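Down below is the structure, laid out as structure tokens.
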Amino acid sequence: MFHLNDYYQKYKSMWMKYKYGLVAVFFFIITFVVGDSNLVKRYSYDEKIRDLEKEIKYYRKEIETSQKKINDLRFNKEWLERYAREEYFMKKENEDVFIIIEK
């Protein structure tokens, strides 16, 4: 016959045996899957951080290049003249400038 007390004792002993493991699994599921800092969000944030670090490197390199150009323009008269001719199509007196547009 089916005895309710035997079934209860068996269930109770099984619960006592695995309760810490079940609580730990439940805690990890809540923390790493459902919570605010779940694994998917953390991965996407790490990816954004890597992209922003690449962008920082790029802009630092651009700043360095621009600083070099500024220093050349400030202290090197030949470089200033060359830059003015190339970028702003300036010319000396009695000089003709031809602009060739490629299609």
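Of note:
- If you go through the stretch 48-83 and keep only what is open to solvent by less than 80 Å² (accessible area, probe 1.4 Å) and among the acidic types (D, E), you end up with E62, D72, E81.
- In the stretch 19-41, the residues that are open to solvent by 100 Å² or more (accessible area, probe 1.4 Å) form Cβ pairs under 8 Å with partners that are of a type in the set (F, W, Y), at six or more places apart or across chains, as follows: L39/F32.
- Where M14 falls short, out of the listed (1) at pLDDT below 80; (2) surrounded by fewer than 10 Cβ atoms within 10 Å (Cβ to Cβ): (2)
- Checked against the criterion of being part of a helix (DSSP H, G or I) and in contact with a helix residue (DSSP H, G or I) (Cβ under 7 Å, 6 or more places away or on another chain), the candidates Y83, Y58, Y45 yield just one match: Y83.
The values are calculated or read from the model by the stated rules, or taken from the named source; none is laboratory data. Everything quoted here is computed from the prediction, not taken from an experiment. FYI the Cβ positions are ideal-geometry reconstructions off the backbone, even for glycines, and counts take in every protein chain you see. Heads up: the accessible areas ignore ligands, DNA and RNA and are worked out on the full protein's heavy atoms, side chains in. Shrake-Rupley method; radii C 1.70, N 1.55, O 1.52, S 1.80 Å.
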